[in-house]
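The values are calculated or read from the model by the stated rules, or taken from the named source; none is laboratory data. Computed from a prediction, not measured in an experiment: that's the story for all the values here. Reconstructed Cβ throughout: ideal geometry from the backbone, glycine too, with neighbour counts over all protein chains shown.
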2 protein chains.
Amino acid sequence: MSWLTVPPGHYFSINNIPFGIISTPSNTTPRPAVAIGEYVLDLHAFATTSAKGFSQLPDFTQSDVFVSERTLNRFASLGRATHRLVRGYLQEVLSIDTPYPGLLRDNPEARKACLLNTTEDAVQMHLPMEIGDYTDFYAGRNHAFNVGVLFRGRENALQPNYEHLPVGYHGRASSVVVSGTQVRRPRGQVIRSGEGEKVPVFAESGKLDFELELAAFVGRGSELGSCVGVDEAGEYLFGVVVMNDWSARDIQAWEYVPLGPFTSKSFATSISPWVVLMDALEPLRTRPLERGTKVPLLPYLQESNSESVYDIPLTISVKTQSGTHKISQTSSSNLLFSFSQMIAHHTVTGCPLRTGDLLGTGTISGTNTQSMGSLLEMTANGTRKIPLGDSREFRGFLEDGDVVVLTGGCGKAGVGFGECVGEILPAGK
Amino acid sequence: MSWLTVPPGHYFSINNIPFGIISTPSNTTPRPAVAIGEYVLDLHAFATTSAKGFSQLPDFTQSDVFVSERTLNRFASLGRATHRLVRGYLQEVLSIDTPYPGLLRDNPEARKACLLNTTEDAVQMHLPMEIGDYTDFYAGRNHAFNVGVLFRGRENALQPNYEHLPVGYHGRASSVVVSGTQVRRPRGQVIRSGEGEKVPVFAESGKLDFELELAAFVGRGSELGSCVGVDEAGEYLFGVVVMNDWSARDIQAWEYVPLGPFTSKSFATSISPWVVLMDALEPLRTRPLERGTKVPLLPYLQESNSESVYDIPLTISVKTQSGTHKISQTSSSNLLFSFSQMIAHHTVTGCPLRTGDLLGTGTISGTNTQSMGSLLEMTANGTRKIPLGDSREFRGFLEDGDVVVLTGGCGKAGVGFGECVGEILPAGK
Ligand SMILES: [Ca+2]
Ligand SMILES: [Ca+2]
Ligand SMILES: [Mg+2]
Ligand SMILES: [Mg+2]
Ligand code: NI
């Protein structure tokens, strides 16, 4: 428990301590911080003001450098042992029986200099990492199956390779944005149904969708030409966020053959601002979905820890003028492959990972309409509109002004993500 | 003509002046340079030693900052007008009737401090740009057709979308390497032919291939949510290199459905080290291939300049123990879409471009075996081996120790690229 008041069930309990990049009206320089309940601890102020916050952690020799960075990349690059050390130290500083009461708990001046209250202070969140490459996997087996049924029928729903490797593709790093960034409805080439020949027209996307995903940031990088073993892959991970991989389904359907999605997804991808470190997720480990194939995975994907994914409840809500409507409730246990397997596969041919790379899980879906991760699935590609609560509003795909809110966490564990929010702006003219 | 001796027909004549990043044994800090013939002008030394090389170009206010960078990104970000100004000035400095004879031509001390001779001095080339995102298009229509015929037959060779938009996908930026970097044969999941069921095995790639491409670097960036018009897109370009998009065809065939190539290409992509600025390519403009569809392109892809691509002769050679064998001769005019069209399409949904982004054209092929850009095409997926000159050696795909050399240029114009070279190392154990 913390000496700061944290509401019971809050995802940012002392068991979490997620890291992010903040700025404030009085100090507009982006800088590292951690969150606890409704509070934010400004780590730059913590380290450099009279608090001298890291003075009791002399092993963290990079503290001065770290707190002066505008992203978490340098901290992430230091590796799991350092993340553990620093997070553990901050948990001690913030715990009710802290061994360092003079640093903050009993030091009103230091608290004033370092602690922000998000219900009172205007804290602006920034993209937490500089992202070199963003890779999106497709490890949500139910999602792959649901989509496969829509387009190929039940018999051929999953492609032959699907259960043998974590299918993935390169995404666009330049358009990964932090939660709160508004998303403009894209325009592009689409095929109007009903026309005989396949002749595209230029139009606003009429099938704008979200995809509920988790995404992990890479901490330590790997070398060109070297493979990361699946059981060492955890050492290369930094932390996890909730991600919305916005998708324009009509643009996607026309463009994606044969090289995959491109402009239909590259217009924006939103992530929650607070990075939940890997250690904070440890209590939520569980087994992944079961594979249906008879042959075992190839050895490079066989992970020793059978509890290789996380059971984190996840929700999707849509805010409209009529209110906020929860439309889906699922769990991140609906994955066939773990982040460690994704890393082992990503590097198997020798592709180097760099600090700050982002690895999306792919859309996370359960098996029924109330647990799916995209409107494409929930509405059978727009053919069966879903109700937004009892508002008498229905949605096939997203409308202008809709605000999509993704979040997730386990109140009992006191560990979860902030919100990943995005509002749809009308298309440009 | 230059006061430096440049062999006739050299691609790095005074009409070119490509930019790159060099280091030397006596100064291992990477820094900007330009090439002329076999000479390299160290721009850091030029600017900062007694030569005060940019003193006659006061409008280039960023010269001191630029020469102290380890990449060309800052220079590229300054836009076409600045590239033109600086390149034009350096052409004046190096021309036989230079208006600034005291800077270099008649200044032995300055020449000694700034000029390197690559036949005598060990000049190390580095990656010229920090690459945010790398996008690979598929605009080589003959290549797309040749590959389509192999896998789907002549009737369905080109997909329905192919002539309506520049098909492209996101590539892996972290594994783009400079010419000379050795490439380790990748291992991964492949399907052994002859087996009834589709069960992958883990093996070295037996179908390692090259892809001959040009690639453009983005200069000016664009904003999230904004589209770049096709006729303004040239202002966003910096310069062009030759690229080898190494590809493991057996890994690719198994993994690419439905989201495109991933580990089969992300292990390495090589580029030539000298960036040929857009202005240097102007004399080589020509018309692209003709589209076969009856409907016109959608307006956002209609370019005013009908000479939208470049007619640059390109060659592929393979060096083995028996010698260097030229196996292909083609031209970059074998493209259906221009770099400007690629930019207009890339940004049509609002995806932002950043300085240093790399845009590959896709494999450039002619229509016969001696003008194709990949072994996949030349050998019909390895089924018809090609001879390496009269060496009695044959190749289906690349063997360990093979050195692939891509280059291109027009000797008459005195404009072209350096070599893009890579040697195949045996797979790791
Ligand atoms: Ca996705
Ligand atoms: Ca390619
Ligand atoms: Mg996206
Ligand atoms: Mg490549
Ligand atoms: Ni200097």
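Considering only segment B:97-156, state which residues are more than 16 Å from ligand 4 (Cβ to nearest atom) and of a type in the set (Asp, Glu).
B:ASP97, B:ASP106, B:GLU109, B:GLU120, B:ASP121, B:GLU130, B:GLU155
Restricting attention to segment A:220-242, does a residue exist that is within 16 Å of ligand 3 (Cβ to nearest atom) and touching a residue at least 12 places away in the same chain (Cβ under 8 Å)? Steps first, please.
Taking segment A:220-242 as the starting set, the residues that turn out to be within 16 Å of ligand 3 (Cβ to nearest atom) are A:241-242.
Next, from what is left, pick out any that are touching a residue at least 12 places away in the same chain (Cβ under 8 Å): A:241-242.
Yes, the conditions are met somewhere in segment A:220-242.
Among (1) over 15 Å from the mean Cα position of the chain (by Cα); (2) closer than 17 Å to B:VAL309 by Cα; (3) within 16 Å of ligand 2 (Cβ to nearest atom), where does B:GLY362 come up short?
Going through the list (1) over 15 Å from the mean Cα position of the chain (by Cα); (2) closer than 17 Å to B:VAL309 by Cα; (3) within 16 Å of ligand 2 (Cβ to nearest atom), B:GLY362 breaks only (1).
In the list A:VAL176, A:VAL147, which residue meets the criterion of being within 16 Å of ligand 1 (Cβ to nearest atom) and out of contact with any strand residue (DSSP E or B) (no Cβ under 6 Å at 6 or more places or on another chain)? Talk me through it step by step, then tell me what you get.
Values: A:VAL176 fails: out of contact with any strand residue (DSSP E or B) (no Cβ under 6 Å at 6 or more places or on another chain).
Going through A:VAL176, A:VAL147 in turn, just one is within 16 Å of ligand 1 (Cβ to nearest atom) and out of contact with any strand residue (DSSP E or B) (no Cβ under 6 Å at 6 or more places or on another chain): A:VAL147.
So for segment A:98-115 (the condition being small (Gly, Ala, Ser) and buried (at least 22 other Cβ atoms within 10 Å of the Cβ)), does at least one residue qualify? Give the steps one after another, and end with the answer.
In the first step, residues of segment A:98-115 are kept if they are small (Gly, Ala, Ser); the result is A:102, A:110, A:113.
Pick out the ones that are also buried (at least 22 other Cβ atoms within 10 Å of the Cβ) and you get none.
Scanning segment A:98-115 turns up no residue that is small (Gly, Ala, Ser) and buried (at least 22 other Cβ atoms within 10 Å of the Cβ).
Which one of the conditions (1) within 7 Å of chain B (Cβ to nearest Cβ); (2) closer than 30 Å to B:THR347 by Cα does A:HIS164 fail to meet, given that it meets all the rest?
Looking at each condition in turn, A:HIS164 falls short on (2).
Could you check segment A:128-154 and list, in sequence order, the residues that are of a type in the set (Ser, Thr, Tyr) and either at pLDDT below 95 or in a loop (DSSP other than H, G, I, E, B) (or both)? Step through it out loud before you land on a result.
Just the residues of segment A:128-154 that are of a type in the set (Ser, Thr, Tyr), to begin with: A:134-135, A:138.
Across segment A:128-154, the qualifying residue is only A:TYR138.
In this structure, does A:GLU223 turn out to be assigned by TED's automatic domain parsing to the domain that holds A:LYS326 and surrounded by fewer than 24 Cβ atoms within 10 Å (Cβ to Cβ)? Step through it out loud before you land on a result.
Values: assigned by TED's automatic domain parsing to the domain that holds A:LYS326: yes; surrounded by fewer than 24 Cβ atoms within 10 Å (Cβ to Cβ): yes.
Answer is yes for this residue.
Out of segment B:348-374, which residues are within 11 Å of chain A (Cβ to nearest Cβ) and closer than 21 Å to B:VAL241 by Cβ? Step through it out loud before you land on a result.
We begin by selecting, within segment B:348-374, every residue within 11 Å of chain A (Cβ to nearest Cβ); these are B:348-357, B:362.
Once the filter is applied, which keeps residues that are within 11 Å of chain A (Cβ to nearest Cβ) and closer than 21 Å to B:VAL241 by Cβ, segment B:348-374 yields B:LEU353, B:ARG354, B:THR355, B:GLY356, B:ASP357, B:GLY362.
What's the number of the condition A:VAL242 fails, among (1) in contact with a Cys (Cβ under 6 Å, 6 or more places away or on another chain); (2) modelled with pLDDT under 95?
Checking A:VAL242 against (1) in contact with a Cys (Cβ under 6 Å, 6 or more places away or on another chain); (2) modelled with pLDDT under 95, the one that fails is (2).
Only residues in segment A:112-140 that are within 14 Å of chain B (Cβ to nearest Cβ) count as the first member; pair them with residues that are within 16 Å of ligand 2 (Cβ to nearest atom) and outside any loop (DSSP other than H, G, I, E, B), Cβ under 7 angstrom, at least 6 apart or cross-chain, and list the lot.
A:ASP133/A:HIS170; A:THR135/A:HIS170; A:ASP136/A:TYR169
Tell me the residue from A:PHE210, A:PHE202 that is facing chain B (nearest Cβ under 8 Å) and either without any contact (Cβ under 8 Å) to a residue 12 or more places away in the chain or in contact with a helix residue (DSSP H, G or I) (Cβ under 8 Å, 6 or more places away or on another chain) (or both), please.
Working: A:PHE210 fails: facing chain B (nearest Cβ under 8 Å).
Unique residue meeting the criteria: A:PHE202.
Tell me which residues, restricted to segment B:142-170, are in contact (Cβ under 8 Å) with a residue 60 or more places away in the chain, touching a helix residue (DSSP H, G or I) at 6+ places or on another chain (Cβ under 8 Å) and small (Gly, Ala, Ser).
The one that is in contact (Cβ under 8 Å) with a residue 60 or more places away in the chain, touching a helix residue (DSSP H, G or I) at 6+ places or on another chain (Cβ under 8 Å) and small (Gly, Ala, Ser): B:GLY168.
Conditions (1) more than 12 Å from chain B (Cβ to nearest Cβ); (2) touching a residue at least 60 places away in the same chain (Cβ under 8 Å); (3) in contact with a Ser or Thr (Cβ under 8 Å, 6 or more places away or on another chain), marked per residue:
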residue: A:PHE267; (1), (2), (3): no, yes, yes
residue: A:LEU284; (1), (2), (3): yes, yes, no
residue: A:PRO296; (1), (2), (3): no, no, no
residue: A:SER332; (1), (2), (3): yes, yes, yes
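Do we have any residue at all in segment B:59-69 that's touching a Phe, Trp or Tyr at 6+ places or on another chain (Cβ under 7 Å) and free of Cβ contacts under 8 Å to residues at least 24 places away in the same chain? Spell out the reasoning first.
First, the residues of segment B:59-69 that are touching a Phe, Trp or Tyr at 6+ places or on another chain (Cβ under 7 Å): B:60, B:63, B:66.
Filter again for free of Cβ contacts under 8 Å to residues at least 24 places away in the same chain, leaving B:63.
Taking every residue of segment B:59-69 in turn, at least one turns out to be touching a Phe, Trp or Tyr at 6+ places or on another chain (Cβ under 7 Å) and free of Cβ contacts under 8 Å to residues at least 24 places away in the same chain.
Can you find a residue that is touching a strand residue (DSSP E or B) at 6+ places or on another chain (Cβ under 9 Å), in contact (Cβ under 8 Å) with a residue 60 or more places away in the chain and farther than 17 Å from A:ALA280 by Cβ anywhere in segment A:29-37?
yes
Within the set of pairs 6+ apart or on separate chains, which have a first residue in segment A:171-193 that is within 7 Å of chain B (Cβ to nearest Cβ), a second that is surrounded by fewer than 23 Cβ atoms within 10 Å (Cβ to Cβ) and of a type in the set (Lys, Arg), and C-beta atoms under 8 Å apart?
Taking only residues 6 or more apart or on different chains, the pairs are A:SER174/B:ARG354.
What number of residues within segment A:318-331 satisfy the criterion of being in a strand (DSSP E or B) and farther than 30 Å from A:ALA233 by Cα? Show your work before the answer.
Of the residues in segment A:318-331, the ones in a strand (DSSP E or B) are A:318-320, A:323-331.
Pick out the ones that are also farther than 30 Å from A:ALA233 by Cα and you get A:318-320, A:323-328.
Qualifying residue count, segment A:318-331: 9.
Quick one: would you say A:GLY409 is more than 16 Å from ligand 1 (Cβ to nearest atom) and assigned by TED's automatic domain parsing to the domain that holds A:GLY234?
Numbers: more than 16 Å from ligand 1 (Cβ to nearest atom): yes; assigned by TED's automatic domain parsing to the domain that holds A:GLY234: yes.
Yes; evaluated as a whole, the condition is true for this residue.
Out of the residues in segment A:249-265 that are among the small types (Gly, Ala, Ser) and under 20 Å from A:ALA215 (Cβ atoms), which is nearest to the other protein chains (Cβ to nearest Cβ)?
Within segment A:249-265, the match that is nearest to the other protein chains (Cβ to nearest Cβ) is A:GLY260.
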